[in-house]
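Asks: Attaching a single structure in structure tokens format; questions to follow.
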Amino acid sequence: MNMIKVKINNMPLEVQEGTTIHDSAKKLKIKIPTLCYHPDLSVAGNCRICVVEVKGSKTLVPSCSMPVAEGMEIFTNTLKVRKARKDVIELLLAEHNMDCTKCYKNCNCELQTIAKDYISENDRFIDVAIKKHIDKSSPSYQKDDSKCIKCQRCVRTCIELQHVGAFTMAHKGEHVAVETFLDLPINEVVCTNCGQCVNRCPTGALTEKHYIEETWEALANPDKFVVVQTAPAVRVALGEALGFEPGKRVTGQMVTALKRMGFNAVFDTNFAADLTIMEEGFELLGRLKSALADKKKVALPMMTSCSPGWIKYIEHEFPTLLDNLSTCKSPQQMFGVMAKTYYAKKMKIDPAKMVVVSVMPCTAKKFEADRPEMYSSGYKDVDYVITTRELALMIQQAGIDFPALEESKCDSILGDYTGAAIIFGATGGVMEAALRTAYEVVTGREVPFKNLEILPVRGMDGVKQASIKIEGCKPEWKFLEGVELKVAIAHGLTNARTLMKLVEKGDAPYHFIEIMACPGGCLGGGGQPIPTNLEIREKRMAAIYAEDRDLPLRKSHENHEVQKLYEEFLKEPNGHVSHELLHTHYKKRERY
Amino acid sequence: MITEKLKKYKKKIDIIFLDTDCAAILDKGLKMSADDVIKELIDSGLKGRGGAGFPTGLKWKFASQQKENKKYVVCNADEGEPGTFKDREILDKQITKVLVGMAICAHTIGADEGYIYLRGEYNYLIPQLNKEIDKFNADLKKRKLNFSISVKSGSGAYICGEETALIESMEGRRGEPRNKPPFPVVEGYLNKPTVVNNVETFVYTAMIIQNGAKFFKDLGTKDSRGGKVFSVSGDTPHPGIYELELGMTLEDFVEIFGDGDTKAVQVGGASGFCVPRRKFKETIIGFEGVPTGGSMMLFNSSRSMYNVLHNFLEFFCEESCGQCTPCRVGCQQLLKGIEGVKDKKLSPKYLDDLRNMSDTMRSSSKCGLGQSVPNAFNSILENFKEEVIY
């Protein structure tokens, strides 16, 4: 790569050829404001807030898209630049719904922040804001066009990261808008509810459907017994919304906060993650037995089913592969049904009076909880799903000084967990957890990786592959002797699609595939604190693996409470009771 | 009815619509080396006839320098500027000359595929174009030139005349301008080097190859060489299409085409400039004065310049792709602003705020559309402010 010499605000700088002005300026500690730019996405260059002056150029130049050239002299803070930026901000405000104090994103809005920085205080321009109904058709999130600034981040997210394309730009000129196919309600199109667009929307145009009031009401109702579960990825990101740097682990404080908020029992989705591994691990071994020992036709590779965005995606896009999905419900739903059956029975609580709240890094989980398949307990298995962001808001509303909180532990009997469960929050984690258990079940020995860390399935590569040769099998698993167990992992639906295309063609020689809908896995979920970028997701990932390392038990089958659950209630993995409560099937959906 | 003066001007130049031996031009062009073609075009001073005026020879040179196996030649026939209709006539009457220009371009830059991106409203031309194109493609095969041309139809969006929006549209996406760089000559259609030229430009390239650079260079002025096909409309007894030398003054132009009561000429369509009567004498039609893609609209004293401006702004509100902020919202502000002033809901002083804002449209819009909206706005306001206010 050639190095290029430039001057920014008269300061000399040498950068690699191809670097944009925006990124070059960053190296000199100059922050150029942006709106349509997002580090996870392609460059759009359409908001025009990042314009700068380049000597010799007639027009101003968008710094996000313009690469530097030899000898370029750039000025980021001239009167001309300031005037243009101020005009652009005020033009955006002229078409914006200005009910800021009533907006869910108030004080967490990029447009608002830039408007504040450039002191936009007069109504210079004519109000041209549109009045259109808010699309509230999805249980996961809502879309308010009156707050849309047409930056197209959501459109790019949906097509580039997820290859879904639920949103597109429609119409021209003053009528231009982000729309679904034929402007159908969101719940009628291919949208997977993953919420990646919500994570990247700079304003309040896309926000999660919040269930904060419903949760407070349940907590205030003396007739209700309210239990809460928190997903593994929440504890490594919640801190970001409450004053900590990314990567801070706040498990203990989170539990304390939930107890203070008044939940009758504070549990952990991790418990159900360990349970999922038992069910899914034995399901995989069962399918392998059918295929290898009994020579029966069975759908392989088996694919994970924990990620509800992924489930809806495959229902729309690859319905012929639905049989390959594990029949296991996700940990959230396993938890809900165990709470309202096993736990309720044991604690002599009327399940009709029980409310299960789950705190998830995910917006698709809200949709999942509403699915008709998720009423196995005889009630709605999970009543309310709130995101990491909503929990942070509730903690603030409750007046809890979060950083100063002491740590505490989850309640029993749905609160015990192993390191294998915590890594569910990172891409490759379910695979690693499944391998830790399956290998040991089959051979009686631990997986042959130092400290149980199966490094080939970890990391941020979009599609990962690994294989383990199974040797020294116990007698009942003899058919697996010498088999090279092949696995693949993808995160982000664009990567999932790449893998599914291979499976569809029969070019995927894998036994087991893990798919997570979101970049990085759940830790990059659509319900996590905003902003998100690779650096932040990597910090969350490091925190997840650190949690795993610090736990005394790191294999799902060692979870004492799960062992007890099998003894007292389920009897055996993939048994009759399990099939009734913990497994399900999915359906084909249309591709609008 | 045509005046003596017009006859004089017409006699001076007849390049575009002159029937000629196209096969001979093609043979001559294909025998020339790429460097010779480029040199000839650069020497001729030919600038793009779509309106932006980029030197054609340089464009071909850049494309020829790209080390790519796949390259494209695209003829921009998305003639959408209000008041232009000359490309339609050229396609109708002289399609072979256009094709010859494209083939010489392909030979020069090393392209093997060519497209005519045709304005959706001109789809009725497709059968006759295809007939000529098929014949021409067969001719090229006989000459062993690995190049073939086909038509792609647009859908009527003005923005698709902008070359990168045109390419997006050709690729099956929304017609939205791209970020530049990379320019189409480096990464164009399907991200391959692509020359996009106007219909008329291709004809001039063919004619320059036939007659040499000097014949073209001798016409026009230092900054505006050659001839230009004008679409004349509005308050004129002689509406139509005329090929004239560049560099004539508006005074001469109005003397020929005016109805004796011309108060303003809109040069270059909605994205061009409005020139009032008192500036006719000093205004040169060409790149050193007011450039035009061909549109010449004459207005006499019966016309309200407020209505003219209002019409243009409505057009831009509708035809902006809506992608970038200054253009999308700026156009609406200009339109609603002049309406507000006219209705006395806004102070006439507000027009100054709008002019101030239009500087940002010019400096910060993503493409030529948004950047040129202030042309009409400012020039009409500057010269006919009283008509806008009262």
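The values are calculated or read from the model by the stated rules, or taken from the named source; none is laboratory data. Small disclaimer: the values here were computed from a predicted structure and weren't measured. Heads up, the Cβs are rebuilt from the backbone with ideal geometry, glycines too, and the neighbour counts pull from every protein chain shown.
Asks: So which helices (runs of 4 or more DSSP H) stay within region B:1-91 end to end and still have 3 or more residues that are at pLDDT 95 or above?
Replies: B:22-31, B:34-44, B:56-65
Asks: Would you be able to tell me the number of residues in region A:241-291 that are touching a residue at least 60 places away in the same chain (Cβ under 8 Å), of a type in the set (S, T, N, Q) and more than 30 Å from residue A:511 (Cα to Cα)?
Replies: The number of residues fulfilling the criteria is 3.
Asks: Name the residue, out of A:343, A:384, that is modelled with pLDDT of 95 or more and closer than 20 Å to residue A:528 by Cα.
Replies: The unique qualifying residue is A:384.
Conditions tested, residue by residue: (1) more than 18 Å from residue A:198 (Cα to Cα); (2) assigned by TED's automatic domain parsing to the domain that holds residue A:469; (3) buried (at least 21 other Cβ atoms within 10 Å of the Cβ).
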residue: A:501; (1), (2), (3): yes, yes, no
residue: A:519; (1), (2), (3): no, yes, yes
residue: A:524; (1), (2), (3): no, yes, yes
residue: A:562; (1), (2), (3): yes, yes, yes
residue: A:567; (1), (2), (3): yes, yes, no
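Asks: For residues that are at pLDDT 95 or above and either more than 21 Å from the chain's Cα centre (by Cα) or not hydrophobic (A, V, I, L, M, F, W, C) (or both), tally how many sit in region A:300-317.
Replies: 12
Asks: Considering region A:316-349 alone, what residues qualify as being part of a loop (DSSP other than H, G, I, E, B) and in contact (Cβ under 8 Å) with a residue 60 or more places away in the chain?
Replies: A:318, A:327, A:329, A:349
Asks: Right, another one. Taking region A:26-64 on its own, how many of its residues are within 13 Å of chain B (Cβ to nearest Cβ) and either of a type in the set (Val, Ile, Thr) or farther than 20 Å from residue A:534 by Cα (or both)?
Replies: Number of matching residues: 19.
Asks: The conditions are (1) surrounded by 12 or more Cβ atoms within 10 Å (Cβ to Cβ); (2) free of Cβ contacts under 8 Å to residues at least 40 places away in the same chain; (3) touching a helix residue (DSSP H, G or I) at 6+ places or on another chain (Cβ under 9 Å), and residue A:31 fails exactly one of them. Which is it?
Replies: So residue A:31 meets the others, but not (1).
Asks: Among all residue pairs at least 6 apart or on different chains, which show Cβ distances below 7 Å where the first residue, located in region B:171-186, is within 8 Å of chain A (Cβ to nearest Cβ) and the second is part of a loop (DSSP other than H, G, I, E, B)?
Replies: Going by the 7 Å Cβ cut-off, the qualifying pairs are B:176/B:321; B:176/B:323; B:179/A:43; B:179/A:45; B:179/A:65.
Asks: Then there is this: I'd like the residue in region B:236-246 that is part of a loop (DSSP other than H, G, I, E, B) and in contact (Cβ under 8 Å) with a residue 40 or more places away in the chain and, out of all such residues, is surrounded by the most Cβ atoms within 10 Å (Cβ to Cβ).
Replies: The residue in question is B:246.
Asks: In this structure, is residue A:378 small (Gly, Ala, Ser) and either assigned to a loop (DSSP other than H, G, I, E, B) or assigned by TED's automatic domain parsing to the domain that holds residue A:500 (or both)?
Replies: Here the answer is yes, as residue A:378 does meet what is asked.
Asks: Now a separate question. Against the condition closer than 30 Å to residue A:8 by Cα, over 26 Å from the mean Cα position of the chain (by Cα) and away from chain B (no Cβ under 13 Å), how does residue A:113 come out, does it pass?
Replies: Judged against the criteria, residue A:113 is not a match.
Asks: With the structure loaded, tell me whether residue B:195 is touching a strand residue (DSSP E or B) at 6+ places or on another chain (Cβ under 9 Å), in a loop (DSSP other than H, G, I, E, B), assigned by TED's automatic domain parsing to the domain that holds residue B:112 and crowded, with 19+ Cβ neighbours inside 10 Å or whether it fails that test.
Replies: no
Asks: Which one of these is touching a Ser or Thr at 6+ places or on another chain (Cβ under 8 Å) and either at the interface with chain A (Cβ under 7 Å from one of its Cβ atoms) or over 27 Å from residue A:86 (Cβ atoms) (or both): B:368, B:330, B:322, B:340?
Replies: Going through B:368, B:330, B:322, B:340 in turn, the sole match is B:330.
Asks: Then there is this: What single numbered condition from (1) part of a helix (DSSP H, G or I); (2) over 21 Å from residue A:432 (Cβ atoms) fails to hold for residue A:267?
Replies: (1)
Asks: Would you check which residues across region A:159-176 are within 12 Å of another protein chain (Cβ to nearest Cβ) and buried (at least 16 other Cβ atoms within 10 Å of the Cβ) and list them?
Replies: A:159, A:168, A:169, A:170, A:172, A:173, A:174, A:176 - these are the residues of region A:159-176 that are within 12 Å of another protein chain (Cβ to nearest Cβ) and buried (at least 16 other Cβ atoms within 10 Å of the Cβ).
Asks: Something else: Filter region A:286-315 down to the residues that are hydroxyl-bearing (Ser, Thr, Tyr), in contact with a helix residue (DSSP H, G or I) (Cβ under 9 Å, 6 or more places away or on another chain) and outside any loop (DSSP other than H, G, I, E, B) and list them by number.
Replies: A:313
Residue-by-condition table, conditions (1) in the same structural domain as residue B:383 (by TED's automatic domain parsing); (2) aliphatic (A, V, I, L, M):
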residue: B:269; (1), (2): no, no
residue: B:284; (1), (2): no, yes
residue: B:289; (1), (2): no, no
residue: B:293; (1), (2): no, no
residue: B:309; (1), (2): yes, yes
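Asks: Here are the criteria: (1) within 14 Å of chain A (Cβ to nearest Cβ); (2) touching a strand residue (DSSP E or B) at 6+ places or on another chain (Cβ under 9 Å); (3) surrounded by fewer than 24 Cβ atoms within 10 Å (Cβ to Cβ). Tell me which single one residue B:233 does not satisfy.
Replies: Status for residue B:233: all satisfied but (1).
Asks: Residue B:64 - would you say it is closer than 27 Å to residue B:218 by Cβ, among the hydroxyl-bearing types (Ser, Thr, Tyr), free of Cβ contacts under 8 Å to residues at least 60 places away in the same chain and in contact with a helix residue (DSSP H, G or I) (Cβ under 9 Å, 6 or more places away or on another chain)?
Replies: yes
Asks: Same structure again: For residue A:356, all conditions in the list (1) surrounded by fewer than 20 Cβ atoms within 10 Å (Cβ to Cβ); (2) assigned to a strand (DSSP E or B) hold save one; what is the number of the exception?
Replies: Status for residue A:356: all satisfied but (1).
Asks: Separate question: How many of the residues in region A:485-535 are part of a strand (DSSP E or B) and more than 18 Å from residue A:425 (Cβ to Cβ)?
Replies: The number of residues fulfilling the criteria is 6.
Asks: Right, something else. Restricting to region B:93-132, count the residues that are assigned to a helix (DSSP H, G or I) and either closer than 30 Å to residue B:36 by Cα or aliphatic (A, V, I, L, M) (or both).
Replies: 20
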